[in-house]
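Below: one structure, written as structure tokens.
The values are calculated or read from the model by the stated rules, or taken from the named source; none is laboratory data. Here the structure is a predicted model, which is why all the values come from computation and not from measurement. Here the Cβ positions follow ideal geometry from the backbone for every residue, glycine too, while neighbour counts run over all protein chains shown. Calculation scope for accessible area: heavy atoms of the full protein, side chains included, ligands and nucleic acids excluded. Shrake-Rupley method; radii C 1.70, N 1.55, O 1.52, S 1.80 Å.
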Amino acid sequence: MKQRIHCGISDMKMGKLKLGASRTVGTYLLPQLIGEFLKIYKNIELPFYIDNTSEIVKMIHENEIDLGIVEGPIHSDNIEVKYFLDDELYLICSKDHNWAKKKIINKDDLSLENIIIREVGSGTREVFENTLKAHNIEYNIKLELNSTEAIKRAVEANLGVSVISKLAIKEELKSSRLVKVEIDGVKFLRQLNIIYHKDKYLSELCKKFIDFLYISTKT
């Protein structure tokens, strides 16, 4: 019989829950959610770690964190995966790029452009590559960066184009520093998922936090 792994404690007056998040979620979504949760449960500790999806999965396997929220596909039979939110990656370019006036391009246009993309192991990278493969689109990676902010700055400098979660690009689109471009017939869609080890015992703290995530993002 497998050993049960305890997640936090059942006493909601105090406790600690270790969280992990892939970079987009951890930077643009999770901090606000944690802040709101701590307004309700003031003595709870919620340390969180940010890395790419594959590293968060590794931390779950090694029991370094209790829960993860990730944006990439999960390739492990030992991980419980719960749907959380829908997300879309936007193809973006500089306001000075020749695509900025087009707004809609065809598949061949993308194969001729320099791509700036996240590192291998990133959920964004995997969704991007899987989508292009499904549509038989060739692509040329010019820069590989492990920071969404760095990618945005590189695209602003017109060093190439990229795909970035809609969660991470709101301000730049609003200020027109970056431009969203559509590919005719192609969408980069994905799910954000809550993950934990299949042998993990979900305490009251775990359950309360998961419930809070769903409630907070549905209102």
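Under the rule a/c < 1.5 gives rounded, and otherwise a/b versus b/c splits prolate from oblate, where does segment 95-159 land using the Cα gyration tensor?
Judged from the Cα gyration tensor, segment 95-159 comes out oblate (a/c at least 1.5, b/c at or above a/b).
Rolling a 1.4 Å probe over the protein heavy atoms gives the chain an accessible area of 51 Å² per residue.
Under 14 Å from the Cβ of LEU145, count the other residues' Cβ atoms, weight Lys and Arg +1, Asp and Glu -1, and hand me the total.
Numbers: positive: ARG23, ARG118, ARG125, LYS142, LYS152, ARG153; negative: GLU119, GLU144, GLU149, GLU156.
Residues close to LEU145 contribute a combined charge of +2.
Out of these labelled values of volume of the Cα convex hull per residue in Å³, [x] 132; [y] 123; [z] 149, which was calculated from the coordinates shown here? Read-out from the structure maps to [y].
Model label sites at LYS170 and ASN98, defined 7 Å from Cα along the beta-carbon direction, differ in position by 3.5 nm.
In a shell of Cβ-Cβ distance under 11 Å around LYS58, excluding LYS58 itself, what net charge do Lys and Arg (+1) and Asp and Glu (-1) give? Neighbour charge sum, excluding LYS58 itself: -4. Shown for the chain: the carbon plus sulfur share of the solvent-accessible area, taken with all protein chains present and a 1.4 angstrom probe, equals 49%. Each label point was placed 7 Å from the Cα along the Cα-to-Cβ direction; for LYS187 and LEU159 their separation is 3.2 nm.
What full-extension length gain, to one decimal in nm, is calculated for GLU64 and SER76 as 0.36 nm per residue of separation minus the Cα-Cα distance?
2.7 nm
Relative to the longest principal axis of the C-alpha atoms of the chain, give the angle of the C-alpha long axis of helix 123-134, reported between 0 and 90° and rounded to the nearest 10°. The answer is roughly 50 degrees. For segment 119-219, the Kirkwood estimate of the hydrodynamic radius, built from every pair of different alpha carbons, is 16.5 Å. With a Förster radius of 30 Å applied to the beta-carbon distance between THR217 and LEU112, the computed FRET efficiency rounds to 0.20.
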